[in-house]
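Engineer: Take a look at this one; I'll ask things after.
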Amino acid sequence: MGTVLVPVASAAPQTPDTTTPQVASPPRFGTVPPPPELDPAFYAPPSARVAAARPGQILASRRISLAAFSIVPFAVDAWQVSYRSSNTRDEPIASVATLISPRGTGERSHRRLVSWQSAEDSTAQYCAPSYVLQQGSVPGPVSGTVNSSLEVLQIASLLATGSSVVVPDHEGPQSAFAVGPLAGRIVLDGIRAARAFDPLGLASDARIGLMGYSGGAIATGWAAELQSTYAPELHVTAAAEGGVPADIRALVDLADGNLGSGLIVGGVIGVSREYPELARFLDRTATPAARALLAVKNPLCVAYQAALLPFLPVRSLFAVPGDPLDQPVPRKVLGNLRMGRATPAMPLFVYQSHPDWLVPVGPVDTLVDTYCSRGGQVDYLRDHFSEHLTLAVAGFLPAMLWMNDRLDGKPARSGCSTTDVGTIAGDPRVRQAFVAQVGDILGAAFQRQLGNPPRR
């Protein structure tokens, strides 16, 4: 299998750090967790302490109460870890991940780990999954964190298979939405932290999977591409990603004046937080109306980002001659965000709706072709009936079935394959998985121990 390497400074430990700080006690029932902005002791440890740590080294940890929709508790064990990661300039940063383990499933449950990348798609820390997944957090319909709130149902299905799950806050401490090279590093360091966290009880040979959709696919895809250079000691078994934003420039082109423009402008804000040159470009070229809009959208979660000014002509926000995306700074930054710079060393499952009103299928086709031309291993599924939002639900099931096989040790098909279907829902295995998923969710609501016994 061929791999094109990306020059990334690793400073990666060859074995995970096993020194775990003392785990703080779980919150008392009825405790209202503070949002990250009001919890700097955990989310923003001293910079000198972060810099002294190795990538993936745990800085602090605590038990939490996991709940669906901020209310319904799940019968699982859950913790938060604060750990050291790196930004795109290889500077040390602190990040946070949620670690979740099934109860009562025996040793087998500790031989599978799935890193689930949430489609956070937001520009404020209170939108991060580490806060949203806690019991007592502000409910998603109020805060606008609908994606992470709903994805707890998919996390429940992963737990029901006997997998432990790590959910990283992959946008980092500045909520840098849509910055794949940053998210990939945070994901890989989150896996390092999970492996080193003794209470999670992972076996040293535990198989590791990466999964995510849409904004979560940005983090998943970049983690898959960066793994061989940034975290070569991690033997990731497989990765599954859907609704893949392979080329952010193509998303901007599609969203300009269309339904997705509100969300895409939020992405512009997020990217500018990681790339100072883009922030300076926005400050220099944004129109007065654009400045007001960017200020309003600056601290919003995904639902409000998407709802605020859809059908906006995005290019009209910039007072420059010609196409602002062709200016040197935006062109360079968008080029840095394009996937396909390296070929993942693990098998991939990629699923995409065709057509997709938010994430165009063309760049995904190109990405798959690029991987395959270099010797990559890709199962590519295109659904011609779904669109972006419905595929987030329907596409998870075949992705989970595919991932289950990989985590059970069954090899993926060699080489590459592309499958076109009218609708994924027509697959009998998918329908059966949907029924099982409903059972998982209902069981969790009534305090059944997910994953006991593991469902394959």
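Here, each number is a calculation from the coordinates, and none is a lab measurement. All values derive from a computational prediction rather than experimental measurement. Virtual Cβ from ideal backbone geometry, glycine too; neighbours counted across all protein chains shown.
Engineer: What distance in nm separates the two pseudo spin-label positions at ASP198 and PHE69, each 7 Å out from Cα along the beta-carbon direction?
Structural biologist: 3.9
Engineer: Assuming 0.36 nm per residue, please report the length gained on full extension of the stretch ASP39 to ASP408 beyond their Cα-Cα distance.
Structural biologist: 128.9 nm
Engineer: Can you put ASP420, ASP189, ASP205 in order of Cβ neighbours within 10 angstrom, beginning with the fewest?
Structural biologist: Exposure proxy ranking, most exposed first: ASP205, ASP420, ASP189.
Engineer: Quick one: compute the contact order of the chain, relative version, from alpha carbon pairs under 8 angstrom and 6+ residues apart, as a percent.
Structural biologist: The value is 19 percent.
Engineer: Taking chymotrypsin sites (Phe, Trp or Tyr not before Pro) that fall in a DSSP loop and have at most 14 other Cβ atoms within 10 Å as cut points, what is the longest piece of the chain between them?
Structural biologist: 30-310
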